[in-house]
1. I need a count of the residues in segment 62-87 that are more than 14 Å from the chain's Cα centre (by Cα) and either among the acidic types (D, E) or not in a loop (DSSP other than H, G, I, E, B) (or both).
2. Failed condition for L54, given (1) at pLDDT 90 or above; (2) hydrophobic (A, V, I, L, M, F, W, C); (3) touching a Leu at 6+ places or on another chain (Cβ under 9 Å), with all others met?
Amino acid sequence: MAAEPEPATVEEAQGVSREEAELVRAAQRGDTAAFERLIRAYDRGVLRLALNLLRSVEDAQEVYQETFLRAYRSLSSFRADSNIQTWLYRIASNVCLDYLRKRKARRESPVSGEDGEGVPVPLLQVPERRPEADPERVLANRRLAERLEQALAGLTPRERMVFELRHYHGLRLRTIGAMMGASEEAAKTCLYRATQKLRSALRDLL
């Protein structure tokens, strides 16, 4: 079996496309159009991260704006051969952590799904109720949503961040650790604590 070809550039070795690296360099030279293209590539992910964590459209939009403002201000110090998605998520995560430390997450009415470890997790929005929907089922889902939000609110901001990044965004623990300024093992330990707390809080439902 033939060996895979070695990456042609440092950027490719870091998982960064040549086009993206060129956009970063152009943006660092003051090309606003290049920076806007970078924003469009990752803006939905940043906004979704903020929505999942803060449970507030208004706060999520503020985090979105603050994230890219900070990114623009510090772009000159960013290494073009690094992963810009991880960098942007790190900035967004830090802004979200600031919000979470200042207040408890606002109440919402999510519906539930289930992650790979059997822990129910809320989604962003509740689908519109259909006329034929079972009233008892609707009520049960609403009560479950309240319990889920209470359980998530019981996590520390860092635990909630790691849990959200892993289960909502499907990021690897190594990436999460890098975003949080920690090791992969530290992220794994934090995720374990969060999962155990949720299981304990929801043990009568599991």
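The values are calculated or read from the model by the stated rules, or taken from the named source; none is laboratory data. Predicted model only: the values in this text are computed from it and were never measured. Ideal geometry is used to build each Cβ from the backbone, glycine not excepted, and the neighbour counts take in all protein chains shown.
1. 14
2. (1)
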